[in-house]
1. Is one or more of the residues making up the range 93-110 acidic (Asp, Glu), touching a helix residue (DSSP H, G or I) at 6+ places or on another chain (Cβ under 8 Å) and in contact (Cβ under 8 Å) with a residue 24 or more places away in the chain?
2. Among the numbered criteria (1) in contact with a Lys or Arg (Cβ under 9 Å, 6 or more places away or on another chain); (2) surrounded by fewer than 19 Cβ atoms within 10 Å (Cβ to Cβ); (3) at pLDDT below 95, which single criterion is violated by Ser3?
3. Only one of (1) modelled with pLDDT under 95; (2) basic (Lys, Arg); (3) over 19 Å from Tyr158 (Cα atoms) fails for Arg107. Which number is that?
4. Ile142 versus (1) touching a helix residue (DSSP H, G or I) at 6+ places or on another chain (Cβ under 6 Å); (2) over 15 Å from Ala65 (Cβ atoms); (3) among the aliphatic types (A, V, I, L, M): which is the lone unmet condition?
5. If the Cβ limit is 7 Å and pairs must be 6+ apart or interchain, which residue in the range 20-35 that is closer than 17 Å to Asp101 by Cα and touching a residue at least 24 places away in the same chain (Cβ under 8 Å) pairs with which residue that is in a helix (DSSP H, G or I) and aliphatic (A, V, I, L, M)?
6. Within the range 30-40, does at least one residue satisfy the condition of being hydroxyl-bearing (Ser, Thr, Tyr) and either more than 21 Å from Gln156 (Cα to Cα) or out of contact with any Lys or Arg (no Cβ under 9 Å at 6 or more places or on another chain) (or both)?
7. What is the residue count in the range 72-103 for residues that are crowded, with 19+ Cβ neighbours inside 10 Å and either under 20 Å from Glu152 (Cβ atoms) or in contact with a Pro (Cβ under 7 Å, 6 or more places away or on another chain) (or both)?
Amino acid sequence: MQSSSRNESSTKTTEAATFAAGCFWGVEHIFKGVKGVVKTTVGYTGGGMENPTYRNVSTGNTGHAEAVRVEYDPSVISYDELLNYFWRLHDPTQLNRQGPDIGTQYRSVIFYHNQEQKRAAEKSKEQFDRSGVFSKKTVTEIKPAGAFYDAEEYHQDYFNKNPGRSCHILRDR
């Protein structure tokens, strides 16, 4: 199911951002705690299969990445600030993996929703590569946002439903 129905309750003051940075549980958990983020939804995007399930995406054959759609209030937090969180919550130099999670579904991608986001993402990636946080260049893809399929309900807000688990750490820089 596409997430548009989940997001219809949004006010006109929110904007969308979509990020893939490894397992979507931890990515969602971090963004959920950011002031100005109104709503998060985990799901699948970037592939060719319609209405994929976790089981489908886990094969690595659908082309989809585990991703988080972030609805945010731009009067409270900017897209550039969200990009700063994105770079800090994973290792963007790892190709098709994050930690022990391996496969194309765990790749690093910024899915832009408009040309302004595309330019901001490209600039942010260049700045991050020059920052020296990692000795290697990032492998993060910057792609247009397409169909986003909500993950199954048990994946939504996973860490609040399953306390004591974790998979992402927010670096200082």
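The values are calculated or read from the model by the stated rules, or taken from the named source; none is laboratory data. No experiment lies behind these values; they were computed from the predicted model shown. Here Cβ is always computed from backbone atoms with ideal geometry, including for glycine, and neighbour counts include all displayed protein chains.
1. no
2. With (1) in contact with a Lys or Arg (Cβ under 9 Å, 6 or more places away or on another chain); (2) surrounded by fewer than 19 Cβ atoms within 10 Å (Cβ to Cβ); (3) at pLDDT below 95 applied to Ser3, the lone miss is (2).
3. (1)
4. Going through (1) touching a helix residue (DSSP H, G or I) at 6+ places or on another chain (Cβ under 6 Å); (2) over 15 Å from Ala65 (Cβ atoms); (3) among the aliphatic types (A, V, I, L, M) one by one, Ile142 breaks only (2).
5. Ala21/Val27
6. First, the residues of the range 30-40 that are hydroxyl-bearing (Ser, Thr, Tyr): 40.
Subsequent filtering for residues that are either more than 21 Å from Gln156 (Cα to Cα) or out of contact with any Lys or Arg (no Cβ under 9 Å at 6 or more places or on another chain) (or both) retains none.
So far as the range 30-40 goes, no, none of its residues is hydroxyl-bearing (Ser, Thr, Tyr) and either more than 21 Å from Gln156 (Cα to Cα) or out of contact with any Lys or Arg (no Cβ under 9 Å at 6 or more places or on another chain) (or both).
7. Residues that pass the stated criteria total 0.
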